[in-house]
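Undergrad: Take this structure first; my questions come after.
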Amino acid sequence: MNSTVKVVPLERVPTPLLAVLVGALNGKVPTSLLALDDLLGGAMGRAAEHGDFTGERDTVHVFYAPRGPRRVMLVGLGKLIEMSRGAVRRGAAVAARRALGFGVESIACHVTHEFRGGVAPAAIGQVLVEGVMQGAWQFRSLQVATDRKPPLKSMEIIATREERPDLERGRSIGHAMAIGHKLARNLQALPGNICTPEYLATIARQLSKAYGFKINVLNASLMEKEGMGALLAVARGSTEEPRFITLEHKGAARSAPICLVGKGITFDSGGISIKPADKMEEMKYDMSGAAAVLGTFEALGQLKPPINVVGIIPATENLPSGTATKPGDVVRSHLGKSIEVVNTDAEGRMILADALSYARRFKPACVIDAATLTGAIVVALGNHAIGLMGNDDQLLAEVRQAGELAGERCWPLPMWDEYREQNRSDIADVKNSGGRPGGSITAGWFLREFVDGFPWAHLDIAGTAYTDRDQPQLSKGPTGTGVRLFIEFILGRARG
């Protein structure tokens, strides 16, 4: 989707759909919209006066104009005291989803000055593009349809001359983020027979070629030489070869990189500890952490921030077969620690263990991993927050702040030593599951066993990586969680 910033009075915008984002109207039209209301013959004022449109969050009212914009759509953001980047992003996504229903190919967006609160123009420009491209996302590449409405192809941000430079600066950041977000969601949506470990490696190679990233892809034989026994133990049950992918963005000389690690289980049956059949098809989403890393590198290629970033993706399927790892088996990890496999469905932490150990060679400034790691995090936090754990309070605070800016909220969980005790094994250094109590935290503690010499944060995105229902601002399916958070974190570090 193309995005631009345009200086033109609202009542003269030549567009099939003008989306005007407003807060609670309290029965009257804001001053900045009076000329637009005159174009509509006072219809906007009457709708506000009679309570047909109040400006509550996610509410929408459409008017038809005699000239200028063909349609004017008011989109509610809620109360002024609730105004934030997230509210504007959500409102833009709601507008885009309604635009799809109209079948228009372009949309113009404006946030009224009276309802911006403390959100700066640059942030407005950024989140408008993020929101519109989020709401306009559709996955149709595997369908044959002749009655489909056209996709949304372009958007304009309507600005004043004074604020145009700031809005343009934000627009360019938001556009890059949105492109990365789109890639992540497209990858998540693909079924496991298409999105294999080698397919992820192919996408990484394409990003490398497009943006000049350094890339390295290990096959099973090279992983064996590298000593990645935990990852290979998960891969043993599948005929699809695993891949271990690294990408490097070099934006600064001789500075320690940020390492991003993404879990890449392209399909998870649970292995010998097989999952129930109901909703097992959703386990194609178990590579959502990997999708977030690849989407982040798409955005990095666009933004080119002056900072070094490494992406690490361990990728494999987890299937049962005569060669699959069995409960009770003991394997040797890349770090050298032995692991008793008591549950083959606790496989994500196994592949991440080798990836976290491998990250040491980059001498990272910090490492952040994203993984659909545990169903327990959904029990704890529902589908509204990412579970956050780690070994460095400053890093955790930075990640949490990045999540707030990105609209991907994180909630910290305790990592007391008592949780570590649940992972103790009688015959190995550690076992790969501490049981049901505190399952997300014991999984985090397992990962921590393989973190050696660097600040580390873990994002359990199992509750936020995809949604099983349509929402006003988001269609059913993959959410692209992690891309915006990673980019906000990286840009924050780059700014110092």
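Undergrad: Once R0 is set to 35 Å, what does the formula 1/(1 + (r/R0)^6) return for the Cβ-Cβ distance between Asn2 and Ala43, expressed as a FRET efficiency to the nearest 0.05? Don't jump to the answer; show the numbers that get you there.
TA: Numbers: r = 31 Å, r/R0 = 0.88.
With R0 = 35 Å, the Cβ-Cβ based efficiency is 0.70.
Undergrad: Which value in deg cm²/dmol, rounded to the nearest 500, describes the helix-derived mean residue ellipticity at 222 nm for the chain, given -39,500 (n - 2.57) per DSSP H run of n ≥ 4 and division by the residue count?
TA: Values: 15 runs with 176 residues, N = 496.
Taking each H run of at least 4 residues, the total per residue is -11000 deg cm²/dmol.
Undergrad: With contacts defined as alpha carbon pairs under 8 Å and 6 or more residues apart, what's the relative contact order of the stretch 68-150 in percent?
TA: 41
Undergrad: Share of antiparallel DSSP beta bridges in the stretch 1-81, in percent to the nearest 5? Walk me through the intermediate numbers first.
TA: Values: 5 of 10 bridges.
The antiparallel proportion sits near 50 percent.
Undergrad: Right, here's the next one. For Cα pairs less than 8 Å apart in space and 6+ apart in sequence, what is the mean separation divided by the residue count of the chain, i.e. the relative contact order in percent?
TA: 14
Undergrad: Ok, one more. How much net charge surrounds Pro305 when only the other residues with a Cβ under 15 Å from the Cβ of Pro305 are counted, with Lys and Arg +1 and Asp and Glu -1?
TA: Overall, the nearby charge balance is +3.
Undergrad: At a probe radius of 1.4 Å, what is the per-residue accessible area of Ile107, in Å² to the nearest 10?
TA: Rounded to the nearest 10, the figure is 0 Å².
Undergrad: Report Rg/Rh for the chain, rounded to two decimals, where Rg is the Cα radius of gyration and Rh the Kirkwood radius. Intermediate results must be reported in sequence, preceding the final value.
TA: On the way: Rg = 23.9 Å, Rh = 23.5 Å.
Answer for the chain: 1.02.
Undergrad: Continuing with the same structure: What is the stretch 456-495 by shape, rounded, prolate or oblate, if you read a ≥ b ≥ c off the alpha carbon gyration tensor as root eigenvalues and call it rounded for a/c under 1.5, prolate for a/b larger than b/c, and oblate otherwise?
TA: Oblate.
Undergrad: Determine how large the accessible area of Ile194 is when every protein chain is in place; take a 1.4 Å probe and give Å² rounded to the nearest 10.
TA: Result for Ile194: roughly 60 Å² accessible.
Undergrad: Now for a separate question. Please report, for the Cα atoms of the stretch 39-168, the Rg to one decimal and the Dmax as a whole number; what are they, in angstrom?
TA: Over the stretch 39-168's Cα set, Rg and Dmax evaluate to 15.5, 47 Å.
Undergrad: Further question: Using only Cα atoms, tell me the angle between helix 393-406 and the longest principal axis of the chain; keep it within 0 to 90° and round to the nearest 10.
TA: With rounding to tens, the tilt is 40 degrees.
Undergrad: Per-residue accessible area for Leu396 at 1.4 Å probe radius, Å² rounded to 10?
TA: Accessible surface of Leu396 is approximately 30 Å².
Undergrad: What angle do you read, to the nearest 10 degrees and between 0 and 90, between the alpha-carbon axis of helix 483-495 and the longest principal axis of the chain?
TA: It works out to around 90 degrees.
Undergrad: Moving on to the next point. For the cross-link pairs Lys250/Lys363; Lys28/Lys153; Lys284/Lys476, which exceed 25 Å when the distance is taken from alpha carbon to alpha carbon?
TA: Details: Lys250/Lys363 14 Å; Lys28/Lys153 33 Å; Lys284/Lys476 15 Å.
Where the Cα-Cα span goes over 25 Å, the pairs concerned are Lys28/Lys153.
Undergrad: If you don't mind, there's one more thing I want to ask. Which part of the stretch 262-305 falls in the paramagnetic zone of Asn216, meaning amide N under 20 Å from the point 7 Å along Cα-to-beta-carbon?
TA: 262-264, 290, 293-294, 297
The values are calculated or read from the model by the stated rules, or taken from the named source; none is laboratory data. Since this is a predicted model, take the numbers as computed values, not measurements. Heads up, the Cβs are rebuilt from the backbone with ideal geometry, glycines too, and the neighbour counts pull from every protein chain shown. When the accessible area is computed, the model is the full protein with side chains, heavy atoms only, and any ligands, DNA or RNA have been set aside. Shrake-Rupley method; radii C 1.70, N 1.55, O 1.52, S 1.80 Å.
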